[in-house]
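The values are calculated or read from the model by the stated rules, or taken from the named source; none is laboratory data. Computed from a predicted model, the values in this text were never measured in an experiment. Ideal geometry is used to build each Cβ from the backbone, glycine not excepted, and the neighbour counts take in all protein chains shown.
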Amino acid sequence: MNELLRSYGRGLTGLFVGLTIVWLAVLVIVPQAMMLEQSLWSKERGSEISLRIDRAYTELETAKFDLAGDLAPDKKAELEDAVSRLEAEIAELEAQEQDPPKVYGLQNYTKMSGLHFNIFVKTIAYAALVTLLALVVCYPIAYAVAHLSTPRKAALLLLGLTIPYAINELLRVYAWLMILDYQGVINSFLAAIGFVSFEAKTWVPFLEYSGSVFVAMIYAYILFMVFPIYNTLETLDRNQIEAAKDLGGSIWLTHRRVVIPHAKPGIAVGCIMTFMLSAGSYAVPQIMTRGKSGDWFSQLIYRQFFESFNWNVGAAYSFTLLIACIVFIFLMMAIFKVGIRDIAK
């Protein structure tokens, strides 16, 4: 805060802090609080109310039948009061049946079926695998851009990585769909060399494998892994690498003892961002699999909200995924031994 005050003065600093507070409140705290509250209640429509309504109707019909007889004035007045009471009770019970009261508890979390829990575990595992593959692919790229190339070549490499992101994410995913489709680019090439036949439908079903989703996700989120690693590697003094080589250190030993320890904050940030984007992605698995492969948890959340219209269960599923992402963040911080300040740099 003191650095902000010295750099920008009280006016701009106050504006920045105010906008940050508004952003946190409107876009983060309030929506998450509402989602948490909605995930903790449900409206139970049990059979008990229906039985009470049926019983009240039976008593009402009996009272009306008795009123039709020749009764003493006091008995008739008593039955009329009973009829009024039963009619009021029926109206109240029917109102409860149409709009039952909220019941707070963890029932929206505990009612997750075994199938949905397996999909949740599979999604977390797949997102972790996508993160690992992205790290394997992006670390050499980031290192090459930061230390093996001249500034001009580094700028060209970064430009080459950035240009595809001028295209909408959906178009990038659809491009991979065209490449991996049953009669897409790869299968068309295989058909041209006689490896597969479109007439016999012997094409390679790439879209039926989870690997197609992995490829599309790595391509869609590659910059979120490359740039954090590149930003940290760029600050590494090249003399340290040269000194490690002069001392007889191999490439693997140099990276393990010098480069990777310095790049830990960037690796942690890249892994966190890629994992969260992958775990919460809906468009990529929906487009790439088209229902031919297993669902991701994000697709279940979408169906709970917009197909089943069960917003309470959808909120519980969403908050469960959020908790898993938060746990992953702390796990990355523990594995790479970095704190919030290291990540913020």
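Some notes on this structure:
- Candidates 220, 216, filtered to the one that is touching an Asp or Glu at 6+ places or on another chain (Cβ under 8 Å), among the hydrophobic types (A, V, I, L, M, F, W, C), within 20 Å of residue 137 (Cα to Cα) and touching a residue at least 12 places away in the same chain (Cβ under 8 Å): 220
- Tally of residues being surrounded by fewer than 21 Cβ atoms within 10 Å (Cβ to Cβ) and among the small types (Gly, Ala, Ser) across region 196-240: 4
- A count restricted to region 296-324 and to residues that are over 22 Å from residue 172 (Cβ atoms) and part of a loop (DSSP other than H, G, I, E, B) stands at 4.
- Within region 225-267, the residues that satisfy the criterion of being assigned to a helix (DSSP H, G or I) and small (Gly, Ala, Ser) are 243, 244, 263, 266.
- Condition met for residue 148 (over 30 Å from residue 41 (Cα atoms), in contact with an Asp or Glu (Cβ under 8 Å, 6 or more places away or on another chain) and modelled with pLDDT under 85): no
- Between 330, 275, the distinction of being of a type in the set (Phe, Trp, Tyr), part of a helix (DSSP H, G or I), at pLDDT 90 or above and exposed (fewer than 15 other Cβ atoms within 10 Å of the Cβ) belongs to 330 only.
- If you go through region 196-209 and keep only what is of a type outside the set (Phe, Trp, Tyr), in contact with a Leu (Cβ under 8 Å, 6 or more places away or on another chain) and touching a residue at least 24 places away in the same chain (Cβ under 8 Å), you end up with just 207.
- Scanning region 121-160 for residues that are in contact with a Ser or Thr (Cβ under 7 Å, 6 or more places away or on another chain) and more than 23 Å from residue 223 (Cβ to Cβ) yields a count of 0.
- In a residue-by-residue description of region 21-42, the property of being modelled with pLDDT under 85 and touching a helix residue (DSSP H, G or I) at 6+ places or on another chain (Cβ under 7 Å) applies to at least one position.
Quick grid of which residues meet (1) among the charged types (D, E, K, R); (2) touching a residue at least 24 places away in the same chain (Cβ under 8 Å); (3) surrounded by 14 or more Cβ atoms within 10 Å (Cβ to Cβ):
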residue	(1), (2), (3)
170	no, yes, no
173	no, yes, yes
187	no, no, yes
194	no, no, no
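- Qualifying residue in region 155-164 (condition: outside any helix (DSSP H, G or I) and either closer than 28 Å to residue 283 by Cα or not assigned by TED's automatic domain parsing to the domain that holds residue 278 (or both)): no
- The selection criterion, being at pLDDT 90 or above, in a helix (DSSP H, G or I), among the aliphatic types (A, V, I, L, M) and farther than 27 Å from residue 325 by Cβ, does not hold for residue 127.
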